[in-house]
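Here is the structure we will look at.
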Amino acid sequence: MLKNIFAKAQHKRRAFQRVGRKTEGGCDTGVSTSTEQASASEFNVILDRSLLTPHFMPIIATDRHQVFGHEALIRGPEDSPLHMPVDLFSMAESLNRSRDLEMLCRKLSLEAFARNTTQAKLFLNVSPHGLLNPGHTRGTTTRFMDALGIKPSQVVIEITENLPIPDYDIIVQAVDHYRSKGFKVAIDDLGAGHSGLRAWFELKPDYIKLDLCFLKDITTNPLNQDFVRSMIRMAHDTGCQVVAEGIETPEVLHLLRDLEVDFMQGFLIGTPMTTLHEEIKLPWPPTTQTGRSSTEVEKTDGMPSGMTGHRGATLAELTVWVKPIAPDVLCETVVGIFGSRDNLRSLPVVQDGRPVGIVFRNAFLGLFLSAYGHSLYDRKPILTVLDTMHPVFEQDTPLEQVSQAMTSQRSELQEGEFIVTHLGVYKGIVNIMDLLRRITQLQVLSARNTNPLTMLPGNGPIQETVEECLRQQQTFAIAYCDLDNFKPYNDIYGFSKGDAVIRATATVLMSHLDRGWDFLGHIGGDDFIMIIRSGEWEQICQDCLSAFATVVPGFYDEQDIAAGGIYAANRKGNPTFFGLLSLSIGIATPDVTRCRNYYEVATLASQAKKEAKKQEGNSLFINRRLYIHPSEKLSNPAVEETRDCDTIQTCAA
């Protein structure tokens, strides 16, 4: 974010230098205008009197939907032409006072942050040239934080890429110094500044912030989605976490969560304020379910576990009871508890049945290794040292959701256990190794029924998920999705392009579903099944059709788009004109009290899909029938579409 400010400041400085001097006969008079002199004088007053106001913009953890951190921003006096940061930094650059401005911003931001009681992190913008400045005194920030009582582990040094980095060796040394003191390091606006990938490679940050340009049209452009997905995967593979900036719509919010971005920031989440955002209300059901109301839990108890179809695989089966302690228990008592139980790795701290935090054996006992450890901590209550930011999950949370959440919290996995609740009340803990072991078992089972092209669950998990809904009598909608004119497209454009269309269709459908509440399965060929429980199923289907219509032109040559289709051989071998690819969706809302099995539900969905296929273009047909009479012939999508699927698979081979 600060990178954009610096870039504009550089541009303004050049403009300032051009118009700041009059030229007579090609000679520089060296005379500045009165307006410029007044602005420069006002800037000096602002700095000398510290007339700047820190603002904080929240950063949320995608999995927990809790505030993870706050980026410190700055504003000048409201009635001043130097109110906005771009004008402040522009003037500072022109007066060679950039370092003075940056250090004052840092000081005021730390002071404002210290006035709040929070466990969240502070993202503090630092320019590379500020680190390279010979006037920069090492240790200034740390000493100032010590006086304010802010721990280095709570601060993230956010390196802005506003200018080329002339000497990576010195920057790396400066970053290593901060890291050795306990700070975390982030790179701001990765990909839009100077030598983004090299900065990533050299600095090895803990966090990267994706530039806004990567989010442009991301909800409708599969290429953008693949690019961002690749960056997230590369970050995770290198032990780095990803912050996506510029979140302004619920659609982008939902998609980035499905792409497993770790943290998000933007005006939809929270605007810059002089006070810290304590709680963020998001436009979706929580994936990490903590403190839900009893109504919500009754509504969702036993729901199918997301995209994998692992029915019944929730944290409840892995939860182990560990007797908790109260927050006022003294540290010396906790030392005794750990000393008497060698196999105890953590101690939950609970007050009135509600978890307050968790104490980890290794980190806690490490406090007593120093010469003054016991004198400093023995008589302090455990509340003063426990980890209150560690994740807490509801016991009915599907294991897949927990796995996604914990993967994005690599730095929090070192101790290997977390708290589990039911309706917000403490129920026990789960060991992460037990969780990973169980997930591996489920993945092996799932892999046997996974489509290799889209990596989506196949017929077995689809049937299991429907039967689980019927067994639990949970209301749901089933949508049967089928591409129109796919075979002629495959024949003309080739199997590689055809596969890309199938993957893009899967991406479009998945981007409109809630991954923790809904289910997407791939029957085979160009047929998909959506099981929707998260919201307005009709609107979701309409949004899928609109999004699909947007991506289709990207798979055709310009002349075919202009013609509205292509010529290809029909089933009899005769040349025939086929329109552009479209999507037909047939949807049914079965009566869960009267439908007896999966095949009755599949029959309702198949009937709806057949009617949708009779319409031209992208179409949606809603089957108003709620159940199948026992005398009717039943159908199975996997069997019904065998002929088309076999044709596609034979061609692909």
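Matching residues to (1) without any contact (Cβ under 8 Å) to a residue 40 or more places away in the chain; (2) more than 24 Å from residue 120 (Cα to Cα); (3) not in a loop (DSSP other than H, G, I, E, B):
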{"residue": "365", "(1), (2), (3)": "yes, no, yes"}
{"residue": "370", "(1), (2), (3)": "yes, yes, no"}
{"residue": "374", "(1), (2), (3)": "no, yes, yes"}
{"residue": "379", "(1), (2), (3)": "no, yes, no"}
{"residue": "383", "(1), (2), (3)": "no, no, yes"}
{"residue": "390", "(1), (2), (3)": "yes, no, no"}
{"residue": "396", "(1), (2), (3)": "no, yes, no"}
{"residue": "402", "(1), (2), (3)": "no, no, yes"}
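Looking at the range 61-103, which of its residues are under 24 Å from residue 277 (Cβ atoms) and of a type in the set (A, V, I, L, M)?
Matches in the range 61-103: 61, 67, 72, 73, 74, 84, 86, 88.
Please go through the range 412-440 and give me each residue that is under 23 Å from residue 68 (Cα atoms), at pLDDT 80 or above and assigned to a helix (DSSP H, G or I), ordered by number.
Correct list: 432 only.
Residues of the range 205-239 being open to solvent by 20 Å² or more (accessible area, probe 1.4 Å), in a loop (DSSP other than H, G, I, E, B) and at pLDDT below 85, which ones?
216, 217, 219, 220, 221, 238, 239 - these are the residues of the range 205-239 that are open to solvent by 20 Å² or more (accessible area, probe 1.4 Å), in a loop (DSSP other than H, G, I, E, B) and at pLDDT below 85.
Out of (1) modelled with pLDDT under 75; (2) buried (at least 18 other Cβ atoms within 10 Å of the Cβ); (3) more than 19 Å from the chain's Cα centre (by Cα), what's the single condition that is false for residue 286?
(3)
I'd like the residue in the range 240-259 that is among the charged types (D, E, K, R) and part of a loop (DSSP other than H, G, I, E, B) and, out of all such residues, is nearest to residue 271 (Cα to Cα). Explain how you work it out, then say what you get.
Filtering the range 240-259 down to residues among the charged types (D, E, K, R) leaves 245, 248, 251, 257-258.
With part of a loop (DSSP other than H, G, I, E, B) added as a condition, the list becomes 245, 248.
Values: 245: 12, 248: 11 Å.
The residue in question is 248.
Show me the strands (runs of 3 or more DSSP E) entirely contained within the range 488-603 in which 2 or more residues are farther than 29 Å from residue 398 by Cα, open to solvent by 30 Å² or more (accessible area, probe 1.4 Å) and touching a Pro at 6+ places or on another chain (Cβ under 8 Å).
Fully inside the range 488-603 and qualifying: 565-569, 575-579.
Residue check: is residue 538 modelled with pLDDT under 95 and farther than 28 Å from residue 218 by Cβ?
no
Out of 433, 455, which single residue is closer than 16 Å to residue 522 by Cβ and under 26 Å from the mean Cα position of the chain (by Cα)?
Within the list 433, 455, the selection yields 455.
Look at residue 579 and say whether it is over 30 Å from residue 63 (Cα atoms) and either under 24 Å from the mean Cα position of the chain (by Cα) or in contact (Cβ under 8 Å) with a residue 24 or more places away in the chain (or both). Can you show your working first?
Details: over 30 Å from residue 63 (Cα atoms): yes; either under 24 Å from the mean Cα position of the chain (by Cα) or in contact (Cβ under 8 Å) with a residue 24 or more places away in the chain (or both): yes.
Yes, satisfied.
Could you tell me which residue of the range 440-498 is farthest from residue 591 (Cα to Cα), considering only residues that are β-branched (Val, Ile, Thr) and out of contact with any strand residue (DSSP E or B) (no Cβ under 7 Å at 6 or more places or on another chain)?
By that ranking, first place goes to 440.
Here is a check on your reading of the model: is residue 197 within 30 Å of residue 508 (Cα to Cα), open to solvent by 10 Å² or more (accessible area, probe 1.4 Å) and either modelled with pLDDT under 85 or not in a helix (DSSP H, G or I) (or both)?
Details: within 30 Å of residue 508 (Cα to Cα): yes; open to solvent by 10 Å² or more (accessible area, probe 1.4 Å): yes; either modelled with pLDDT under 85 or not in a helix (DSSP H, G or I) (or both): yes.
Criteria met by residue 197.
Which residue out of 409, 443 is within 25 Å of the chain's Cα centre (by Cα), open to solvent by 30 Å² or more (accessible area, probe 1.4 Å) and at pLDDT below 75?
443
Within the range 384-395, track down each residue that is modelled with pLDDT of 85 or more and either open to solvent by less than 40 Å² (accessible area, probe 1.4 Å) or over 24 Å from residue 320 (Cβ atoms) (or both). Please lay out each step first, then the result.
So in the range 384-395, the residues modelled with pLDDT of 85 or more come out as 392-395.
Once the filter is applied, which keeps residues that are modelled with pLDDT of 85 or more and either open to solvent by less than 40 Å² (accessible area, probe 1.4 Å) or over 24 Å from residue 320 (Cβ atoms) (or both), the range 384-395 yields 392, 393, 394.
Conditions (1) modelled with pLDDT of 80 or more; (2) within 37 Å of the chain's Cα centre (by Cα); (3) among the basic types (Lys, Arg), marked per residue:
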{"site": "3", "(1), (2), (3)": "no, yes, yes"}
{"site": "7", "(1), (2), (3)": "no, yes, no"}
{"site": "13", "(1), (2), (3)": "no, yes, yes"}
{"site": "39", "(1), (2), (3)": "yes, no, no"}
{"site": "58", "(1), (2), (3)": "yes, yes, no"}
{"site": "64", "(1), (2), (3)": "no, yes, yes"}
{"site": "67", "(1), (2), (3)": "yes, yes, no"}
{"site": "70", "(1), (2), (3)": "yes, yes, no"}
{"site": "77", "(1), (2), (3)": "yes, yes, no"}
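The values are calculated or read from the model by the stated rules, or taken from the named source; none is laboratory data. Since the model is a prediction, treat every value here as computed from it, not as a measurement. All Cβ positions, even for glycine, are placed from backbone atoms using ideal geometry, and neighbour counts span all protein chains on display. Remember, those area values only see protein heavy atoms, side chains included, never the ligands or the DNA or RNA. Shrake-Rupley method; radii C 1.70, N 1.55, O 1.52, S 1.80 Å.
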